[in-house]
Each structure stands twice: as structure tokens, then as C-alpha cells.
Amino acid sequence: MAGTRPLTTGAGQDVPAPVALPDAPLRDDHLRAGAELLPQAVRFCIWAPAQPHMLLALEGGPRLPMQARSGGWHEILVEGAGAGTLYRYALPDGTLIPDPASRFQPQDVHGPSEVIDPSAYAWTDGAWRGRPWEDAVISELHVGTFTPEGTYRAAIDRLDHLADLGVTAIELMPLADFPGQRNWGYDGVLLYAPDSSYGRPEDLKALIDAAHARGLMVFLDVVYNHFGPDGNYLSAYAPQFFTEKHKTPWGAAVNYDDTGSTEVRTFVIDNALYWIEAFHFDGLRLDAVHAILDESPCHILDALAARVRAAAGARQVHLILENENNEAKRLLRAPGGVPLHYTAQWNDDLHHVLHVAATGEKTGYYAEYDGDTYKLGRALAEGFAFQGEMMIYRGETRGEPSTALPPTAFVGFIQNHDQIGNRAFGERIDALARPQAIQALAAVYLLLPQIPMLFMGEEWAASQPFLFFCDFDDALAEAVRSGRRAEFARFPEFQSEEKRQQIPDPQAATTFAASKLDWSEREAPKGAERLQLYKSLLALRQQAIRPLLPEITAAGHHREFGPGAIEVTWSAGQSGTLILVANLSDAEVPDGPPPRGELLWQQGAIEGALFKPWSVRWSIERTP
């Protein structure tokens, strides 16, 4: 409770004895685990089914025995504790662990947890109810590299730039507390604690509040397919969090369908609700759900979506997937177009066809998109390029038919953190393709009926790479460093040890620093030109494309008229037909389709039926 004297000092402090708890069931709301602030006291609660006894260790104070409850729960009520109290739990062998449901870790993942007052921040967004999904134009950003300061508060100063650009939503890369001072966020181990390297929880709330004041939605990337390797103590007291029933790239799977899974499922669903309710996020992007393995009658993804949508009430809350399996069933709509489960999926297929067209790269999975104009048209018109066909790179079939889905079930992009950062040198597309090609791609995907997503700095052709970086302890650091270089050994260009040694060290502070945006590049001629192009395209999207989206309820139709040249049409009901004609190649293509309807945008040169390289035409044929 605000104003309560925190129990954070050393010996000699007068600490009240713990209060006996009645034999009553635990709370079943989304704050069940962790520290619950009560008037004049704090209730501490942890699920530790592998331990018969647990102690609460107040920082600089006593260790207090917790009461064992049924089902593996342990709890204690401590009068005099309050907001700011630092604490850990002690296992019977003396090992000190942070609270797995910690709301804040001021001293990182191995340090004490801090009791947080959820009501301390004074929100100003009381009238905010979100925005319709059709409004979404997303900018993905990493808080630590988005600004020179790399903090939540510093990001507030850049929100006006995004709003002026035409962005309507920001998507934050994962914030769950990770080890060290720099990380992409996918090594989080404490799912409820926003990482302290970016600021305090109230600073994150201030960022979201400020975004809402500018009409910007805020989405959060969450990771429910694994826990990071450093700072994860779960196996010591709750091994049921994991199961050998399934294997993942990170080892034993998070347990969603084996013995003990009920509490694990509750912990994860409660976490999703926590971000939506306590921090006012407008939605979540679930990372790599193809690695969430669950054979129970109700898949955890279905259960989570149902709970979040029920809790949202009148608010507009959107759920986004990353899913290599291209499962159309997770994106189904109810009558009227309302998503039954998930709102949209990141469309990797769209990225791949556009990236290959612009760069000519054809190694790895790119090989299956190289020179394939049919897949290009299919990804633009139908979302998925793979809808059940064999994918040689994976050695199995991939995907489900997606023609019944509206284009807004897909998030389209030409860059994101994965597609840049998983390259050895983190090159953005401007280091790989000519401006003419990139401008054509922008004219395609920013006006596409799919939902566009930019990666931070893309709008001014930022030259900084986005490298893979982390900050682990020495033993793990060397393993990551070696593993990163070994990962690229199978690529022809990295066959030599000398070449592999040139790959930036993920652990080096300089690698992180090199990934920070240089905002002054907006003022340079190239940056200003690209920025104006993006502003113009997004303004046209708002004016001409956004009104059509509720009427485009199914996939478009596509046809080829040359290598890399396609025509795509979408029925927009009573509003008419939206038409894209594009030559996304270095060669001239004759005999293109004649102009139809009202011209919305033209990029590059089109002379009658002759489409010059990297030419794009958007038009709409109105219904009489």
C-alpha cells in the first residue's frame, strides 16, 4: 500500500510476525501468484509443488515460514510490508529465488523482487477503448535500441513522429525480465516483470498512456513457448512447469497437457490478462506458437484467446500470432467478420516472396520462393503461399487453405526483427536491394488490404543494422557466442573460420550500440525522401484503402502476366473492386493489363501495356 514503510533495511528493524491465514481457498483471479498488496499488509503466494516447505526472505530482514496449502501452494500474510518491499523466497536448502510472478526486478533476474502498488500510477486514458483492427498500421520496435537512452520514458518523445507518419499502433518486442542489460527479449524468465533496464513499471504505463493520448494502440510481444536459460529457477521447485512429453528447440516443452499442467496453463493465461488489464495493452503478439505443443482437449491457445476476449469487454483487444504452420483455423471469423480466436498472423510468406524478388537471395527457405510468381500472387491475394503443399526446406507439408479469410487476418511486412536480426550481420533491406525495388515493395505492402507492419527506422531507410545481442554470464556467453558462429557455418559464404570470426559478438556492448537508431538520418536526403514516400502511402491508405477493408471479406484473385508480374483483384462489395498490378522484377514486361477504374497510386514507369522494372499501379473500379 502506498505510504507503508517498506521492509528493506537491515538488522534492527522492527518486523511484525506473520499473520496466521485461515484455511480458505486461494484467490482465483489473475493476481493469484506473487505479492498482493492489501491494506497494511502483503500476501505472498508461490506455487512450489516440489518443496514441502518454503520461506519468505525479506531483503535485509528475517526469513519467515510460509504456510503450505493444498495443490503445492505456499503463502504468507505479512503486516507492515508494502509497496517497495524487497523479497525473495528461500528453498529448504537455502537457495534464494525471485518470485516467479514478480511484478518488478530492480536488481535483475537473480535479485530480489519488489512489491508493486498496481494503483500507484494515475492513468489518463479512461475514455480509451482501443481502435478497430482495420485501422492498424503497426511499427515494431525494440525499446532498448529505439532511442539513444533506450528507455520507456525516452520512447514517449518519439511517439509524435510515429503518429505523424501514419502509424496507429506500436508493437513492443518482449519485456518479460531477462538476464543482463541488453537482450532481444526472447530470453525472458519472469513473465510478469517488465525489464528494469528500460525503467520501472510506472514508466511503461506512462508510455502506453502517452500512446493512447495520441491515438496509438500498443501491442506486446509475449513468449509462451519457452523460458530463457539464465535466471530460470522453476525446475528447482516446480518441475511440473516442463514436460518431456514434447521436445522443442529449447529442450523439454512448457507443460500445457501433462501432469500438473492446470497451474501452468493458469499462470500463462493470467499473464496475458495481466498485461491487458494492469498495463492497458491493446493486444498481444504470441511468439512462435508452432512451438507451443498441447494435445489436451482445449489447446492453450484457444483457452487463452477465449479468456482474453471475455475479459476485454467493450475494449478493442487484438491477438496476433507468429505461426510457421500457417494454421488458418486459428484465424477464423464469426458472421460479421469478428475473429473467433486470433485476429491475425504475421505473414512470413509475404515477406519471403517480396524479399526474394527485391534481393535475389535464394539460400535456405528463400529457395522455395525464388522465381515463383505464383507464390508471389498467392501471398498477396490469399495470405499464405503454402496452404498444405510440401515445403522441401521443412521436409513436410505446410499450411492450410486461407482463401476464406479476409486479408486483414494477415500482417504484412518487408522487414521485422527476425528477418533482419537473424542475418549474420543484421542488414536491413536497404543494404541488400536497390532503392527502386524497395520503393516498389513499399507501394505494394503499405497499400495492401493486409495489415502493414514497419520495423523501426524503416520509414527513413535507417542504415543501422539490427544485430543479435544479449548479456549473459561468462559460461553461457561463450556458448552463445560459439553457437551463433557455428549456426552460420553451413552457409557457403561462412565456410571459413576467418569469415565466421567477423560475425559480431552477441555479447559485446558495441554490438548492442551499433543497433541503436540514429534519428538524425531522417534529415538526410535519402531519409527525407523515403520518409515522404511512406507518409504519402500511409495517408492514401487511410483515405482510400481503410474504408474498403470491412467489405473485403475474402481472399483476392491473382494472375501472372510475366515473370515477377502479377495482377490481383479484391471484391469490396458495394464499393467496387480494388486492383493491384505490379512488375516486381528487373526486366520490362510487355502486354500488361490495361488501366481500369480510378487510379490511386503509381510507382515507377508504366507506358500503356509496357510495365517497366519495379512498377506498381493501384486503382479502384467503382460499382456502377
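Just so it is clear, none of the values below were taken in a lab; they were calculated from the coordinates. Because the structure is a prediction, the values reported are computed rather than measured. With ideal geometry, Cβ positions are generated from the backbone for all residues, glycine too; neighbour counts draw on all protein chains shown.
Quick notes on this structure:
- Packing rank of 139-149, 449-459, where each peptide gets the mean count of other beta carbons within 10 Å, highest leading: 449-459, 139-149
- The share of Cα pairs per 5 Å bin across segment 486-561, counted from zero up to the longest distance, runs 3, 10, 10, 9, 10, 10, 11, 14, 13, 8, 2, 0 percent.
- Distance histogram for segment 18-114 (every C-alpha pair counted, 5 angstrom bins, percent rounded to whole numbers): 3, 14, 27, 28, 20, 8, 1
- Model label zone, residue 93; criterion: amide N under 13 Å from point 7 Å along Cα-to-beta-carbon; scope segment 44-75: 51
- Computed from the C-beta positions of residue 499 and residue 528 and an R0 of 30 Å, the FRET efficiency is 0.25 to the nearest 0.05.
- Ranking of 196, 113, 70 by count of other Cβ atoms within 10 Å, fewest first: 70, 196, 113
- Estimated D of segment 202-264 in µm² per second, where Rh is the Kirkwood radius over Cα pairs and Stokes-Einstein applies at 10 °C, 1.306 mPa s: 111
- R0 of 45 Å, Cβ-Cβ distance residue 340-residue 599: FRET efficiency to nearest 0.05: 0.75
- Segment 234-278 versus segment 172-229: alpha-carbon centroid distance in Å: 19
- In whole angstrom, segment 368-449 maps to an equivalent ellipsoid with semi-axes of 23, 18, 12, each derived as √(5λ) from the alpha carbon gyration tensor and ordered largest first.
- The lysines whose alpha-carbon is closer than 26 Å to the alpha-carbon of residue 362, local same-chain residues fewer than 8 away aside, are 375, 499, 612.
- Neighbours of residue 403, meaning other residues whose beta-carbon lies under 11 angstrom from its beta-carbon, give a summed charge of -1 when Lys and Arg score +1 and Asp and Glu score -1.
- According to the calculation over all Cα-Cα pairs in segment 506-606, the P(r) per 10 Å bin from zero is 12, 29, 28, 19, 11, 2 %.
- Its Kirkwood hydrodynamic radius, worked out from the mean inverse distance over all distinct Cα pairs, puts segment 65-153 at 17.3 Å.
- For segment 58-87 versus segment 409-464, the inter-centroid distance based on Cα atoms is 49 Å.
- Semi-axes of the equivalent ellipsoid of segment 234-279 are 22, 11, 10 Å, computed as sqrt(5λ) over the eigenvalues of the C-alpha gyration tensor in descending order.
- Sequence-distant aspartates and glutamates (8 or more away, or on other chains) whose Cα lies within less than 15 Å of residue 205: 117, 125, 157, 171, 195, 277, 282
- Rg/Rg_globular for segment 139-239, with Rg_globular taken as 2.2 N^0.38 Å and Rg from C-alpha atoms: 1.14
- Each residue of segment 440-547 gets 156 Å³ once the volume of the Cα convex hull is shared out per residue.
- Radius of gyration, Dmax [segment 136-542; alpha carbons; angstrom]: 20.5, 61
- Angstrom value of the Kirkwood radius, inverse mean 1/r, which spans all Cα pairs in segment 551-621: 12.2
- Degrees between helix 525-540 axis and first principal axis of the chain (Cα, 0 to 90, nearest 10): 90
- Scattering curve values for segment 292-411, log₁₀ I(q)/I(0), Debye with Cα scatterers, q = 0.15, 0.22 Å⁻¹: -0.72, -1.25
- Sites residue 235 and residue 389 - FRET efficiency at Förster radius 41 Å, r taken between beta-carbons, to 0.05: 0.55
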